[in-house]
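The structure under discussion appears below in the form of structure tokens.
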Amino acid sequence: MSSKPWLFGLMSLAMAGGACSRSGSAKPAGGPVAIAVTAHGFEPKTVQAQVGKPLTLVVTRKVERTCATEIVIKDFGIEKPLPLDQAVTVELTPTKPGSIRFACAMDMVAGEIAVK
């Protein structure tokens, strides 16, 4: 155990934050929501949003071998290429509660925006 209690508290806070991010769901905190395309697909797989509030997704493809080289959100007519290691901004404003699906162009790798 460290003789610096503030260091232990900081480490605990960092580990708690990491555990939350692995839960598979991200809640926007008023700013952009980062989504990574990894070997496991879109991470996080679920993003929280609110009706009538603009949502900005920042999607970065981190892996070469994936069919998710594009993000498609059919409900909003969005289709954007995802170049390797380049952040791509996607903006939308949900108009009703429910689930908005986002996926690769082949509709094999997917996630959702849960709108309340």
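The values are calculated or read from the model by the stated rules, or taken from the named source; none is laboratory data. Predicted model only: the values in this text are computed from it and were never measured. Cβ: placed from backbone, ideal geometry, glycine included. Neighbour counts: every protein chain shown.
Scanning the range 63-101 for residues that are among the hydroxyl-bearing types (S, T, Y) and assigned to a loop (DSSP other than H, G, I, E, B) turns up T66, T69, T93, T95. Screening the candidates A49, A26 for the property of being under 22 Å from A110 (Cα atoms), at pLDDT 95 or above, touching a strand residue (DSSP E or B) at 6+ places or on another chain (Cβ under 6 Å) and of a type in the set (A, V, I, L, M) yields one hit, A49. Taking the listed residues A105, A114, A49, the one that is surrounded by 15 or more Cβ atoms within 10 Å (Cβ to Cβ), more than 12 Å from the chain's Cα centre (by Cα) and not β-branched (V, I, T) is A105, with no other qualifying. There is no residue in the range 53-62 that is assigned to a loop (DSSP other than H, G, I, E, B), at pLDDT below 95 and either closer than 24 Å to M108 by Cα or over 17 Å from the mean Cα position of the chain (by Cα) (or both). Against the test of being touching a strand residue (DSSP E or B) at 6+ places or on another chain (Cβ under 6 Å) and within 15 Å of A49 (Cβ to Cβ), the options V72, V90 yield a single qualifying residue, V90. Each residue in the range 64-86 was checked for being surrounded by 14 or more Cβ atoms within 10 Å (Cβ to Cβ) and of a type outside the set (D, E, K, R), and 10 pass.
Taking the range 102-116 as the range and being assigned to a loop (DSSP other than H, G, I, E, B) and free of Cβ contacts under 8 Å to residues at least 60 places away in the same chain as the test, the residues that pass are C104, A105, M106, D107, M108. Of all residues in the range 63-89, those that are closer than 15 Å to A39 by Cβ have Cβ atoms under 7 Å from Cβ atoms of residues that are modelled with pLDDT of 95 or more and among the polar types (S, T, N, Q), 6 or more apart or on another chain, in V63/T38; L82/T69; D85/T60. Here V37 fits the description: at pLDDT 95 or above, surrounded by 15 or more Cβ atoms within 10 Å (Cβ to Cβ) and under 16 Å from D107 (Cα atoms).
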